[in-house]
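Presented below is the structure to which this report refers.
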Amino acid sequence: MHQALGKGLEALIPKSQITPTITVEGEQIVKIPVEKIKPNRYQPRNKFKDENLQELASSIKEKGLLQPLIITPSLVPGEYELIAGERRLRATKLAGLNEVPVIIRSEVSEQERLQISLIENLQREDLNPIEEAQAYQCLIKEFDLTQEDLAKLLGKSRALIANTLRLLSLPAEIKDAVISGAISSGHARTLIGLPTEEIQKLVQRIIQERLSVRETEKIVERLKVESLKLKRKKKILPELISAGEELQRSLGTKVKIKGTAKKGRIEIYYYSLDELNRIIDLLK
């Protein structure tokens, strides 16, 4: 399974038995009516930019479709299912072509369809960061891969795979902001781990103030430090706080009490030898 996945699109180039209209490097390419080709069930892309499709359609209208689609026969006789080339197929329809050059793969398993569709998009970098994360997650779940396995198969670092997958833990509205391009994936990754309310506020700041990723990181670091201080303060028993304040008044210097109701320690601060001697005399 891993070997086939590693081959990428090459795994789908068939030795077709159909009489070819064109032969390229020994592979047979035939022409199929556009209406006979159905979308790929495993297409990971949810959005296609109209402007880019129009540009590709204009090019196809002028020069034709230079790179064939890869298809496989469907359960309906005479129809086919697309495996690779969704963007090209859509642009071909926009260009008004009735037929498209294709390579037909007679036997393609469900796993191969999913693998190749995802890998084609990932290798072409056509996916937005959330679609890419969803594609990684789908590959990992469907084929029982580790992040390390996936990194090797796609030629990417494990850290990149892990960081991309972390985007899926963000609230839905924040993922939508990444998809729309309102914030970058770099911005989004810095927000992971913050409370939802804080994330929403910070996203508004990023958009309104046009904060850089580095500026956002600094704000997040400050928020996390403040949150940690608040948590620590909440853990201190009110009785200990009261006792510390009373000691400070009695000794006339800074005092900290750390611990629980059962055990702990008292820290008494001094700022000169004279002050130390004064505190010792008071404690006697």
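The values are calculated or read from the model by the stated rules, or taken from the named source; none is laboratory data. As the structure is a prediction and not an experimental result, all values here were calculated from the model. Note: ideal-geometry Cβ built from the backbone for every residue, glycine included; neighbour counts use all protein chains shown. With ligands, DNA and RNA removed, areas are computed over all heavy atoms of the protein, side chains included. Shrake-Rupley method; radii C 1.70, N 1.55, O 1.52, S 1.80 Å.
For the stretch 169-181, what are the residues that are among the aliphatic types (A, V, I, L, M) and either loosely packed, with under 14 Cβ neighbours inside 10 Å or touching a residue at least 40 places away in the same chain (Cβ under 8 Å) (or both)?
Of everything in the stretch 169-181, those that are among the aliphatic types (A, V, I, L, M) and either loosely packed, with under 14 Cβ neighbours inside 10 Å or touching a residue at least 40 places away in the same chain (Cβ under 8 Å) (or both) turn out to be Ala172, Val178, Ile179.
Taking the condition of a type in the set (D, E, K, R) and under 19 Å from the mean Cα position of the chain (by Cα), does Arg189 pass?
Considered against the rule, which asks whether it is of a type in the set (D, E, K, R) and under 19 Å from the mean Cα position of the chain (by Cα), Arg189 comes out as yes.
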Gln54 versus (1) within 28 Å of Ile179 (Cβ to Cβ); (2) of a type in the set (S, T, N, Q); (3) at pLDDT below 75: which is the lone unmet condition?
(3)
What single numbered condition from (1) of a type outside the set (Gly, Ala, Ser); (2) modelled with pLDDT under 90; (3) closer than 18 Å to Leu167 by Cβ; (4) open to solvent by 50 Å² or more (accessible area, probe 1.4 Å) fails to hold for Leu194?
(4)
In the stretch 260-271, how many are within 18 Å of Ser250 (Cα to Cα) and not β-branched (Val, Ile, Thr)?
5
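Any chance you could count how many residues in the stretch 257-284 are assigned to a strand (DSSP E or B) and either open to solvent by 80 Å² or more (accessible area, probe 1.4 Å) or among the hydrophobic types (A, V, I, L, M, F, W, C) (or both)?
5
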Failed item, numbered, when Glu62 is tested on (1) at pLDDT below 80; (2) surrounded by 15 or more Cβ atoms within 10 Å (Cβ to Cβ):
(2)
